[in-house]
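Participant: This is the structure I have questions about; it appears just below.
The values are calculated or read from the model by the stated rules, or taken from the named source; none is laboratory data. What you are looking at is a predicted structure, and each value in this text was computed from that prediction instead of being measured. Reconstructed Cβ throughout: ideal geometry from the backbone, glycine too, with neighbour counts over all protein chains shown.
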Amino acid sequence: MELKITAAEAGQKILKYLLRKTDGTKIFLFKCFRKKKVKVNGKNCKPDYIIEENDTIWCPVLQEKDARDLFRNVDARITMLKLTSDLAAVDKAAGVLVHAAGGKDYSDTLVERTKAYLAAKGENRDFLVPVHRLDQNTSGVVLFARNYETAKAVNEWIRLGQIGKTYTALLEGVIDQDVFLSAEITRDKEYNQSRADKLIVNKKIPDKAEWLKKYYEDSSSISATVIHPLKNDGRFTLCKIELWTGRHHQIRAVCLAFGHPLAGDKKYGARSLAQRGQELICSRMEIPALSFEAESRFRIEF
């Protein structure tokens, strides 16, 4: 098999590229590299080699993935909210995994469904990487980068807090005014949970740019969450939630520490509405630098 690298494909590690492009598994590919069966421009290379435009990759024991086989059992019916040459915004339904779980190389995930959608439309699907994550039980907007340059840029904007992320959530209890929550997020990987420590509650919303510059850039755990209550019925409050940071399970952990857990989220302290599942939607994503925005079609009935 011989592959020629395009400008859109350049800049990524050769291992990740071959995992997406060929029928090789990660274990098999490592074996190929170890036995020097993968060559770039006629020379041996390592799995972490960064491919460049016009590179020629050659490996006799690999086959390029056949879209017909790859997507035969995949449900390509997705809601594409917005599609450009750089980005794809997809509306994920609750219950769908963004990535394959359990270390599997392939399963019916949002990634594969989106690739199937692009293949059916005759669109390029060689590079498709989610630039943020949603839990399996969370619905709403998921953004995919369609080339390495965009993925790298968006990841940096996310790191700097320069991506707009708005959620809709149903929280237990009554919240009657806007509130700013700052907390240290620590993660327990064994239970796949996060904890919000040193919670600071402020009824005055600070300037976002100033707060990020002062607290966020030098911290790997600080979080900022803004809750805007929309309406309540005396038991629950429907809220718009802005995330200035993107920590693991941030909304779920912070709302639990605040005393208003996400309705239906038993893992993070909910006391009721379990039959409806957790009430959380990623309702809007904005990338100001690219003038890109997408809004979910999902709503919380309340």
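Participant: Look through the range 168-185, keep the residues that are over 25 Å from PHE298 (Cβ atoms) and among the small types (Gly, Ala, Ser), and return whichever of them is surrounded by the most Cβ atoms within 10 Å (Cβ to Cβ).
Facilitator: ALA183
Participant: Write out, first by first residue and then by second, each pair whose Cβ atoms fall under 6 Å of each other, whose residues are 6+ apart or on separate chains, and whose first residue, in the range 240-263, is assigned by TED's automatic domain parsing to the domain that holds LEU181 while the second is assigned to a strand (DSSP E or B) and aromatic (Phe, Trp, Tyr).
Facilitator: From residues that are assigned by TED's automatic domain parsing to the domain that holds LEU181, the pairs are ILE241/TYR167; ALA263/PHE236.
Participant: While we're here: So which residues in the range 198-239 are under 18 Å from TYR268 (Cα atoms) and touching a residue at least 40 places away in the same chain (Cβ under 8 Å), if there are any at all?
Facilitator: Within the range 198-239, LEU199, SER223, THR225, ILE227, ARG235, PHE236, THR237, LEU238, CYS239 meet the criteria.
Matching residues to (1) in contact with an Asp or Glu (Cβ under 7 Å, 6 or more places away or on another chain); (2) basic (Lys, Arg):
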| site | (1), (2) |
| --- | --- |
| ARG187 | no, yes |
| TYR191 | no, no |
| ASP197 | yes, no |
| PRO206 | no, no |
| LYS213 | no, yes |
| SER223 | no, no |
| HIS228 | yes, no |
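Participant: Quick one: which of ARG195, ARG113, ARG125 is among the basic types (Lys, Arg) and farther than 19 Å from ARG77 by Cα?
Facilitator: Answer to the check: ARG195.
Participant: Out of the helices (runs of 4 or more DSSP H) lying entirely within the range 1-71, which hold 1 or more residues that are aliphatic (A, V, I, L, M) and buried (at least 19 other Cβ atoms within 10 Å of the Cβ)?
Facilitator: 14-21, 26-34
Participant: Here is a further query. Would you say ASP178 is within 27 Å of ASP265 (Cα to Cα) and at pLDDT 95 or above? So that I can check it myself, show each step before the final result.
Facilitator: Working: within 27 Å of ASP265 (Cα to Cα): yes; at pLDDT 95 or above: yes.
Yes; evaluated as a whole, the condition is true for this residue.
Participant: Among the listed residues LYS208, LYS165, identify the single one that is more than 29 Å from HIS99 (Cα to Cα), surrounded by 15 or more Cβ atoms within 10 Å (Cβ to Cβ) and out of contact with any helix residue (DSSP H, G or I) (no Cβ under 8 Å at 6 or more places or on another chain).
Facilitator: LYS208 is the lone residue from the list that is more than 29 Å from HIS99 (Cα to Cα), surrounded by 15 or more Cβ atoms within 10 Å (Cβ to Cβ) and out of contact with any helix residue (DSSP H, G or I) (no Cβ under 8 Å at 6 or more places or on another chain).
Participant: Could you name every one of the strands (runs of 3 or more DSSP E) located completely within the range 212-302 that has at least 3 residues being crowded, with 22+ Cβ neighbours inside 10 Å? Steps first, answer last, please.
Facilitator: Numbers: elements: 222-232, 236-243, 280-287, 292-295.
Of the strands (runs of 3 or more DSSP E) lying wholly inside the range 212-302, those with at least 3 residues that are crowded, with 22+ Cβ neighbours inside 10 Å span 222-232, 236-243, 280-287.
Participant: Test of understanding: among LYS13, LYS37, LYS26, which residue is without any contact (Cβ under 8 Å) to a residue 40 or more places away in the chain, touching a helix residue (DSSP H, G or I) at 6+ places or on another chain (Cβ under 9 Å), on the phi < 0 side of the Ramachandran plot and not assigned by TED's automatic domain parsing to the domain that holds ALA116?
Facilitator: LYS37
Participant: Test LYS267 against the criterion of being more than 25 Å from THR150 (Cα to Cα), at pLDDT below 95 and of a type outside the set (S, T, N, Q), and give yes or no.
Facilitator: Criteria met by LYS267.
Participant: All but one of (1) at pLDDT 95 or above; (2) small (Gly, Ala, Ser); (3) under 18 Å from GLN278 (Cα atoms) hold for SER194; state the number of the condition that does not hold.
Facilitator: (1)
Participant: Among the residues in the range 152-162, are any more than 21 Å from the chain's Cα centre (by Cα) and either surrounded by 14 or more Cβ atoms within 10 Å (Cβ to Cβ) or part of a helix (DSSP H, G or I) (or both)?
Facilitator: Within the range 152-162, not a single residue is more than 21 Å from the chain's Cα centre (by Cα) and either surrounded by 14 or more Cβ atoms within 10 Å (Cβ to Cβ) or part of a helix (DSSP H, G or I) (or both).
Participant: Contact list please: Cβ distance under 9 Å, first residue in the range 117-141 and assigned to a helix (DSSP H, G or I), second residue among the aromatic types (Phe, Trp, Tyr) and surrounded by 15 or more Cβ atoms within 10 Å (Cβ to Cβ), pairs at least six apart or on different chains.
Facilitator: Matching pairs, first to second residue: ALA119/PHE71; ALA120/PHE71.
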